[in-house]
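Report on one structure; see the data block that follows.
The values are calculated or read from the model by the stated rules, or taken from the named source; none is laboratory data. Remember, it's a predicted structure, so these values are computed and weren't measured experimentally. Please note: Cβ atoms are built from the backbone with ideal geometry, for glycine as well, and neighbour counts cover all protein chains shown.
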Amino acid sequence: MPRTSATASTASAASAPLPASFEQAMQELEQLVAQMEAGELPLEASVAAYKRGSELVKFCAAQLDKVDTQVKLLEGDMLKPFQAAEMDGEEG
């Protein structure tokens with residue numbers, strides 16, 4: 001039965017450690033979303049998948065924040081805030 005294996009893999013994923021990289025987290029998140037959208041999971045497994053997905057989203061957001069901070073440090077004063085007024089003058 002496919003539902004049993006999906007339930008078992010989703011339940012174990014909910015207690016799994018965080019991935020080693022952003023890319024691995026995104027891949028796992030995509031798989032969870034596909035399973036949930038397909039309606040293959042029973043209610044309890046769906047809740048576990050949602051919980052795991054929430055953890056993965058937080059992990060990915062933290063990774064993006066780290067990279068953003070690193071880029072800002074590397075760029076230093078070269079980064080300028082976007083100003084809409086500059087774009088208004090370019091519209092012809």
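List of remarks:
- Single unsatisfied condition, residue 17 versus (1) out of contact with any helix residue (DSSP H, G or I) (no Cβ under 7 Å at 6 or more places or on another chain); (2) outside any loop (DSSP other than H, G, I, E, B); (3) on the phi < 0 side of the Ramachandran plot; (4) modelled with pLDDT under 95: (2)
- Count - residues of the range 27-39 that are buried (at least 16 other Cβ atoms within 10 Å of the Cβ) and over 16 Å from residue 17 (Cβ atoms): 2
- Near pairs, Cβ below 8 angstrom, 6+ apart or cross-chain, from the range 54-74 (free of Cβ contacts under 8 Å to residues at least 60 places away in the same chain and part of a helix (DSSP H, G or I)) to any residue that is surrounded by 11 or more Cβ atoms within 10 Å (Cβ to Cβ) and among the acidic types (Asp, Glu): 56/28
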